[in-house]
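Some notes on the structure that comes next.
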Amino acid sequence: MSDLPSRDLLIVGAGFSGLYMLHLARGLGLSARVLEAGDGVGGTWYWNRYPGARCDVESMQYSYQFSDELQQEWEWTERYASQPEILRYLNHVADRFGLRRDIQFNARVRAAEFDEARDHWVVSTEAGQQLTARFLVMATGCLSATNIPDFPGLGSFGGPTFHTGRWPHEPVDFTGQRVGIIGTGSSGVQSIPVIARQARELLVFQRTATWTVPAQNRPLSAEEQQAVKADYAGFRQRISLMNAAIGSAFPEDGNGVERLALDADPADRARIYEERWQHGGLPFIWAFTDLYTDLQANETAAEFTRGKIREIVKDPGVAKRLTPTNVMGCKRLCVDTGYYATFNRDNVHLVDVSESPIEEITPRGLRAGGREYALDCMIFATGFDAMTGSLTRIDIRGRGGQSLAEAWAEGPRAYLGLGVAGFPNLFLVTGPGSPSVLTNMVVAIEQNVEWIADCLEYLSRNDKQRIEATTQAQEGWEIGRASCRERV
Ligand code: NAP
């Protein structure tokens, strides 16, 4: 193998991160190639095609801001964009910036090894192809490696099975079927109301009840879009100062002033929660600044929501089982369309598997609490090996042949979530320890990709071949994050 790598940069993944990384790398005059496992662009929005899939951040915000022409010309049709619309948008981006010619599809990366003598990465695909590059950017997404629990008998079921994160490209018809769905996180909460309208019967296997607030989704009018587009830069700037870089129609959410739930008059508090419930979406949990920091304050929002569940769900027993007992917002809130009301349908049955877990998958269905539930098909809405799975499932080896999985055996460590000690010239986009899924992902991605591009530009300008996070910097970042958590 020659001493020189075949290109400056290899990027793994053609979702929001990989596409923008390629665009910026080209702008720097770097030679770059994207390796993408799927046969199209889109990443998360390519794979997650389950019924009802939609973003929980509003469409005018869940989009790139690096090109004003792009944000001016693209028209969103709904307040919260559906998966097909976001996928269309990303295809448009790929075409508009001519990105496809540097993307290799159907190329799943199997391994990547740093060649210390030559200061470059050697990347191997599952098809046996080998490529080299000075730098490697893992734009593999935080939620790409699917999780299917290791139930005994898995694989014995006679009917079709689906995972929400690997949904078929063709529409799936549940008409006349008795469908079982396991999992009530965001993917379950979004798909359950839609599947319930088609299936003969839907059995929802719930281990932990979920806090969810209504999206209040609706078509987006031309006037609303125009109002944002008249000053898109100002809109983005205001949002960047708000909670989690997610904009809210409530200006007080970004003004830095403390508003304590426990100080509020109970009638005012109820009015504020009601107003936010009717408005819809994640700003519900920002109604007061102590909801994330004071359990008693949090309880006021939880009790309001419990009241809503009791009001919406007609059967008190079902309402009780649907009511979460954990802290509201501790796990990112779900944003739904008709979730709780779906359980009023005669064809929907909630099966609580919290105390009598799923014991096994059988040829006819599944067994939980000693009872077998016969099913025609089974859906796993059981989430992902989040944050690290998409990285550690690839055999990434840095200095001294150490694998990333070994380096992270005690938990992931990364400087800014972007670089890992022992892994020179490797960059992670929205890696563990970065804000990533706790924020508006597109904002987090753009910020990370721009950081990497600045770094690459610096290295190239200064004729440097290698960069690596020091252990000290990495630990410093972790200690800083831990002390932030303590202060909160
Ligand atoms: P998830 O939030 O991890 O939910 C997985 C569900 O599967 C949970 O209800 C979990 O129960 C259940 N489960 C796992 N193992 C189980 C077992 N052995 N038996 C019974 N139930 C089991 O996954 P997700 O819904 O796919 O969401 C993943 C991430 O993607 C979240 O961060 C979410 O915010 C994001 N997401 C966002 C959107 C959006 O923008 N709208 C849409 C979808 C997903 P337990 O809770 O008891 O573990």
> Can you pull the percent of Cα pairs in region 36-102 with separation above 21 Å?
Replying inline: 22
> If you line up the long axis of helix 441-461 against the longest principal axis of the chain, both from Cα atoms, how many degrees apart are they, to the nearest 10?
Replying inline: 10
>> When a/c reaches 1.5 or more, the comparison of a/b and b/c decides; with that in mind, is region 59-98 rounded, prolate or oblate per its Cα gyration tensor?
In response: oblate
> Taking the alpha-carbon set of the chain, what are its Rg and Dmax in Å?
Replying inline: 23.5, 73
> If you take the charge dipole of the chain about its Cα centre, with +1 on Lys and Arg Cβ and -1 on Asp and Glu Cβ, which of Ala107, Phe380, Ala53 is farthest toward its positive end?
Replying inline: Phe380
>> Quick check: residue separation of Gln129 and Trp451 times 0.36 nm, minus the Cα distance between them. What number comes out in nm?
In response: 113.0 nm
> Let a ≥ b ≥ c be the square roots of the eigenvalues of the Cα gyration tensor of region 1-69; is it rounded (a/c under 1.5), or, if not, prolate (a/b larger than b/c) or oblate?
Replying inline: oblate
>> Restricting to bridges with both residues inside the chain, how much of the DSSP beta-bridge set is antiparallel, in percent to the nearest 5?
In response: 40
>> Under 5 Å between amide hydrogens, which residues at least 5 positions from Phe97 or on another chain qualify, with H placed 1.01 Å from N in the peptide plane?
In response: none
> What whole-number value in Å² describes the accessible area per residue of the chain for a 1.4 Å probe?
Replying inline: 44
> Full extension from Asp463 to Arg96: what is 0.36 nm times the residue separation minus their Cα-Cα distance, to one decimal in nm?
Replying inline: 128.9 nm
> Could you give the angle, 0 to 90 degrees to the nearest 10, between helix 295-312's Cα long axis and the longest principal axis of the Cα atoms of the chain?
Replying inline: 60
> What nm distance separates the two modelled labels at Phe105 and Val437, each placed 7 Å from Cα along Cα→Cβ?
Replying inline: 2.7
> By how many nm would the segment from Ala227 to Arg26 grow when fully extended, if each residue of separation counts as 0.36 nm and the alpha-carbon distance is taken off?
Replying inline: 69.1 nm
> Rounded to a whole number, what % of the accessible area of region 12-130 do carbon and sulfur atoms account for, probe 1.4 Å?
Replying inline: 43
> So which GluC sites (Glu not before Pro) in region 53-114 end up in coil per DSSP with only 14 or fewer other C-beta atoms within 10 Å?
Replying inline: Glu75
>> Kirkwood hydrodynamic radius, computed over distinct alpha-carbon pairs, for region 122-171: how many Å, to one decimal?
In response: 14.9
> Leaving out same-chain residues fewer than 8 places away, which lysines sit with a Cα under 24 Å from that of Lys320?
Replying inline: Lys308, Lys331
>> Let me understand region 72-130 better: what is its radius of gyration from the alpha carbons, and its Dmax, in angstrom?
In response: 17.6, 53
> In nanometres, what is the gap between the two model label sites at Arg238 and Arg481, each 7 Å from Cα along Cα-to-Cβ?
Replying inline: 3.2
> In region 228-268, if every C-alpha pair distance is counted and binned at 10 Å from zero, what percent goes to each bin?
Replying inline: 27, 42, 20, 11
> Tell me, what is the FRET efficiency for Gln402 and Thr293 to the nearest 0.05, using R0 = 51 angstrom and their Cβ-Cβ distance as r?
Replying inline: 0.85
> Per-residue HN-Hα couplings for region 79-95, Karplus 6.51 cos²θ - 1.76 cosθ + 1.60 at θ = phi - 60°, whole Hz, x for Gly and Pro?
Replying inline: 4, 10, 6, 7, 4, x, 6, 5, 5, 4, 4, 5, 5, 4, 4, 4, 6
>> With viscosity set to 1.306 mPa s at 10 °C, what whole-number translational diffusion coefficient in µm²/s follows for region 70-169 from Stokes-Einstein and a Kirkwood radius over Cα pairs?
In response: 89
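The values are calculated or read from the model by the stated rules, or taken from the named source; none is laboratory data. None of the values given here were measured: they were computed from a predicted structure. Because the Cβ atoms are built from the backbone with ideal geometry, glycine has one as well, and the counts that use them run over all protein chains shown. Surface accessibility is based on the protein's heavy atoms, side chains included, excluding ligands, DNA and RNA. Shrake-Rupley method; radii C 1.70, N 1.55, O 1.52, S 1.80 Å.
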